[in-house]
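For reference, the structure is listed below as structure tokens.
The values are calculated or read from the model by the stated rules, or taken from the named source; none is laboratory data. Since the structure is predicted, the reported quantities are computational estimates derived from the model, not experimental observations. Using ideal geometry, Cβ is built from the backbone for each residue, glycine included, and neighbour counts are taken over all protein chains shown.
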Amino acid sequence: MKRILALALTAILVLGLAACGGGGGGTDAKGSVYWLNFKPELDETAQALAKAYTDKTGVPVKVYTAASGTYSQTLIAEMDKSSPPTLFVVGNQAGVKDWKDYALDLTGTAIANELNTDGFNLYDETGKLVSIGYCYECYGIIVNPDLIEAAGHSMDELVNFEGLKTVAEDIHARADELGFDAFSASDMDASSSWRFTGHMANLEYVYEEREAGAVWTECPASLTGNYMDNYKNLFDLCINNSTTDPKELATGGHDAENEFKTGKAAFFVNGSWEYAAVSGDVPRATMIPYYCGVEGEEMAGLNCGTENCWAVNARVSEADQKATIDFMVWLVSDPEAAGKMVEQLGVLPYKNAPESANGFLNDANAYSEAGCYVMDWATNYQPNVDDYRAALVSALNQYCADQSDANWEAVRTAFVDGWALQYQKANG
């Protein structure tokens, strides 16, 4: 795992040197903690850890988890209350721009000193440490090898788009006979659309980076769109070889995770955070890259990085700031607490956190060990991310309902021209 971290860091932006200063402040008051949690799958564990910490220290800890796809709106609403979150997420540069004035400079704080890398940290233009990574993840296509083999195929076929397409289309064509389909549902409601407008969109951005010969160090003003056909290749494969008719994806309501866990689908587009949820039912579950027809993609690895970065509220009392930082340190250094965090999240980039047993992260490591390139999280640069993705969802819904060339051109417009439009709105 240390090797993948080192390799991935070469493709992940380190935005600047930390400025002097720091937070927390000294006080004898215990303070309190309000953690606005970003990850729904962490909620049960986070609630249990909060209770355990309160029982241990007497410090009140409240955890509220935003519904999937609603974090930005929830954060805005909660920050406007008399008792706002003391711990929240600023996960990309758009978030830094929006929330930097609310974020304590974490440089030199006890929690920053627990880090084993600054490769996942986010800084503003002055060098202020706005937020720090709290877990390291990967995403791609989760596969059930047992179903692949039951369909008469081998995992050895899944090394490029041609092989993935052959296997997926054959399984879909024989779904009634086999008793399972290729892909689980690709819903485009708020709880699911981020898998395609955020994560899968990343393949287009990464290959633009690779074509230019360098990872992005800031949000580009425009995209070339040179890899839109590759995005289309994989998106079409997912929606047209699935448990769900493409025309039914707009409204959502299909449980893609459960379809995979119960053996109704061989492929599930998602990330390493799903390992704890699916591995009990699918012990051999593994993850493959976003194969999409790019030349040389046999050497592609998984998408590795994070958008899970903690910020501490600069506008609450020093007592609450200190209580929050103390709680953060406990989460990543206490053997039992950190163990539960690692179990749910995969890898914690902190020197006292235990190593991960997450199989999907081990898959990422195996690809890197084999010399495959890491796909960095270029998607974190999406400008005006909520508006950009909303326009893309709208266009994709139109396309799913009618897969015409004209409707795909609307997707291309939302994807490429929409980037330039939102960049201009964000930057003037």
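Numbers below:
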quantity: Residue within the range 97-106 that is among the hydrophobic types (A, V, I, L, M, F, W, C), at pLDDT 95 or above, part of a loop (DSSP other than H, G, I, E, B) and over 19 Å from the mean Cα position of the chain (by Cα) present; calculated: yes
quantity: Residue check, residue 131 of a type in the set (Ser, Thr, Tyr), under 22 Å from the mean Cα position of the chain (by Cα) and modelled with pLDDT of 95 or more; calculated: yes
quantity: In the range 112-135, the residues that are outside any loop (DSSP other than H, G, I, E, B) and in contact with a helix residue (DSSP H, G or I) (Cβ under 7 Å, 6 or more places away or on another chain); calculated: 114, 122, 129, 130, 132
quantity: Pairs, first without any contact (Cβ under 8 Å) to a residue 24 or more places away in the chain in the range 272-288, second among the β-branched types (Val, Ile, Thr), C-beta under 8 Å, six or more apart; calculated: 281/262
quantity: Whichever residue in the range 389-428 is in contact with a Ser or Thr (Cβ under 8 Å, 6 or more places away or on another chain) and not β-branched (Val, Ile, Thr) and, among such residues, is surrounded by the most Cβ atoms within 10 Å (Cβ to Cβ); calculated: 396
quantity: Counted residues, the range 340-363 - those being part of a helix (DSSP H, G or I) and free of Cβ contacts under 8 Å to residues at least 24 places away in the same chain; calculated: 1
quantity: Of the criteria (1) small (Gly, Ala, Ser); (2) farther than 27 Å from residue 314 by Cα; (3) at pLDDT 95 or above, which one residue 191 fails; calculated: (3)
quantity: Yes/no for residue 63 being part of a helix (DSSP H, G or I) and either over 30 Å from residue 126 (Cα atoms) or touching an Asp or Glu at 6+ places or on another chain (Cβ under 6 Å) (or both); calculated: no
quantity: Top-ranked residue in the range 42-68 [being polar (S, T, N, Q) and in contact with a strand residue (DSSP E or B) (Cβ under 9 Å, 6 or more places away or on another chain); ranked as surrounded by the most Cβ atoms within 10 Å (Cβ to Cβ)]; calculated: 65
quantity: Hey, residue 313 farther than 19 Å from residue 167 by Cβ and of a type outside the set (Gly, Ala, Ser) or not; calculated: yes
quantity: Per-region count, the range 369-428, residues touching a residue at least 12 places away in the same chain (Cβ under 8 Å), of a type in the set (Gly, Ala, Ser) and in a helix (DSSP H, G or I); calculated: 10
quantity: Extreme residue, farthest from residue 132 (Cα to Cα), among residues of the range 264-320 that are more than 22 Å from the chain's Cα centre (by Cα) and β-branched (Val, Ile, Thr); calculated: 294
quantity: Condition check for residue 164: crowded, with 19+ Cβ neighbours inside 10 Å and outside the structural domain of residue 350 (by TED's automatic domain parsing); calculated: yes
quantity: Filtered residue count, the range 149-166, keeping only those that are in contact with a Phe, Trp or Tyr (Cβ under 9 Å, 6 or more places away or on another chain) and either part of a helix (DSSP H, G or I) or within 21 Å of residue 235 (Cβ to Cβ) (or both); calculated: 9
quantity: Residue ranges of helices (runs of 4 or more DSSP H) in the range 204-314 with at least 1 members out of contact with any Ser or Thr (no Cβ under 7 Å at 6 or more places or on another chain) and of a type in the set (A, V, I, L, M); calculated: 228-240, 275-278
quantity: Contacts under 7 angstrom Cβ, first residue in the range 108-123 being assigned by TED's automatic domain parsing to the domain that holds residue 335, partner modelled with pLDDT under 95 and among the basic types (Lys, Arg), 6 or more apart; calculated: 114/351; 116/351
quantity: Cross-chain or 6+ apart pairs with Cβ under 6 Å, the range 36-60 first and in the same structural domain as residue 325 (by TED's automatic domain parsing), then of a type in the set (Gly, Ala, Ser) and surrounded by fewer than 17 Cβ atoms within 10 Å (Cβ to Cβ); calculated: 40/68
quantity: Any pair with Cβ under 7 angstrom, 6 or more apart, that starts in the range 69-84 at a residue that is surrounded by 11 or more Cβ atoms within 10 Å (Cβ to Cβ) and ends at one that is assigned to a helix (DSSP H, G or I) and among the hydroxyl-bearing types (Ser, Thr, Tyr); calculated: 79/102
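For (1) more than 20 Å from residue 135 (Cβ to Cβ); (2) out of contact with any Gly (no Cβ under 9 Å at 6 or more places or on another chain), each residue gets a yes or a no:
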site: 43; (1), (2): no, yes
site: 89; (1), (2): no, no
site: 98; (1), (2): yes, yes
site: 102; (1), (2): yes, yes
site: 107; (1), (2): yes, no
